[in-house]
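Here the structure is laid out as structure tokens; the discussion comes afterwards.
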Amino acid sequence: MFEPTLSVITIVYNNVRDVERTMLSVLGQTYKNIEYIIVDGLSTDGTLDVIDKYRDRISKLISEKDKGIYDAMNKGLAMATGDYVIFMNSGDEFYDADTVIAVFASAEDADIYYGETEMMDDSRQNLGQRRHHAPVTFTWRDFKYGMSISHQAIYIRRSLAEPYDNRYQLSADIDWIIRAAKKSQKIVNVNRYVAKYLVGGMSKKRHRQSLQERFEIMKRYYGLIPTIFNHVVIAFNLGWYWLKNKRTND
């Protein structure tokens with residue numbers, strides 16, 4: 001039976017409201033080969049007290065100042081020893097208790113596994129599927145119309161997971177996934193929901209900067225003219241979705 005070790009990394013800073021839900025989602029998985037790593041940014045709001053309740057079930061924990069979310073994520077990556085890595089940051093959850101076991105039961109020895117994401121608002125109300133549906137098949141070229149796989153829904157072989165590029169403050173996850181996908185030989189769609197994503201992170205609060213970074217990343221990989229054209233398509237699709245649903249579900 002294929003039972004690799006999965007390093008689950010949670011990044012958190014002053015999020016006492018949501019961190020326990022995320023932790024219980026990880027600790028409640030029926031899959032047992034999990035290395036759980038928490039990187040805290042030296043929280044002062046009670047977050048560390050919540051984490052401490054489960055300290056004996058956490059593989060590795062650090063709490064120190066960082067230079068931003070991707071610096072914290074790189075700290076988590078540096079500590080990971082599993083065969084695969086996934087980020088389940090504070091506020092986000094695995095879809096259900098059997099998610100990880102279902103992912104690795106879908107196929108053996110893939111470089112990347114991915115699935116679909118459900119979106120939740122601050123009151124934990126279900127907003128439904130993301131506007132960007134996970135593609136039936138996935139290659140590094142498939143982010144040309146947007147991030148079609150959410151960060152919490154992709155499992156990457158650790159040997160392919162390079163550090164995040166800290167020149168990007170809000171969109172480095174797009175670059176990170178593209179780099180891993182370019183090196184991957186076997187990418188598997190697990191054909192199920194695998195994550196619940198809490199909307200309203202920093203990329204929403206600083207949306208303009210996030211879009212600028214995304215454009216630069218896409219231009220680097222896909223070229224300037226195709227990226228301009230693709231963003232026209234993105235804008236049209238966004239507008240049409242909003243007209244039908246009165247929300248964007250990014």
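Remarks
- Filter result (modelled with pLDDT under 75 and under 17 Å from the mean Cα position of the chain (by Cα)) within region 192-218: G200, G201, M202, S203, K204
- Condition met for Y95 (open to solvent by less than 50 Å² (accessible area, probe 1.4 Å), at pLDDT 95 or above and among the aromatic types (F, W, Y)): no
- Counted residues, region 1-24 - those being open to solvent by less than 30 Å² (accessible area, probe 1.4 Å) and either small (G, A, S) or more than 16 Å from F87 (Cα to Cα) (or both): 2
- Taken together, the residues in region 107-125 that are among the small types (G, A, S), outside any strand (DSSP E or B) and either touching a Leu at 6+ places or on another chain (Cβ under 7 Å) or at pLDDT 95 or above (or both) amount to 2.
- Pair list, Cβ < 8 Å and 6+ apart or interchain, from region 38-64 residues that are more than 16 Å from I11 (Cβ to Cβ) to residues that are assigned to a strand (DSSP E or B): R55/L61; R57/Y36
- Unmet requirement for V16, which otherwise passes all of (1) out of contact with any Gly (no Cβ under 6 Å at 6 or more places or on another chain); (2) outside any strand (DSSP E or B): (1)
- Test: residue in region 43-65 that is closer than 22 Å to E162 by Cβ, open to solvent by less than 60 Å² (accessible area, probe 1.4 Å), assigned to a loop (DSSP other than H, G, I, E, B) and not small (G, A, S): no
- Considered as a group, the residues in region 69-88 that are open to solvent by less than 10 Å² (accessible area, probe 1.4 Å) and in contact with a Ser or Thr (Cβ under 6 Å, 6 or more places away or on another chain) include one that is farthest from E3 (Cα to Cα), and that residue is M88.
The values are calculated or read from the model by the stated rules, or taken from the named source; none is laboratory data. Note that the coordinates shown come from a computational prediction; the quantities given were computed from them, not determined experimentally. Neighbour counts run over all protein chains shown; Cβ positions are idealised from the backbone, glycine included. The area values use the complete protein model at the heavy-atom level, side chains included, leaving out ligands, DNA and RNA. Shrake-Rupley method; radii C 1.70, N 1.55, O 1.52, S 1.80 Å.
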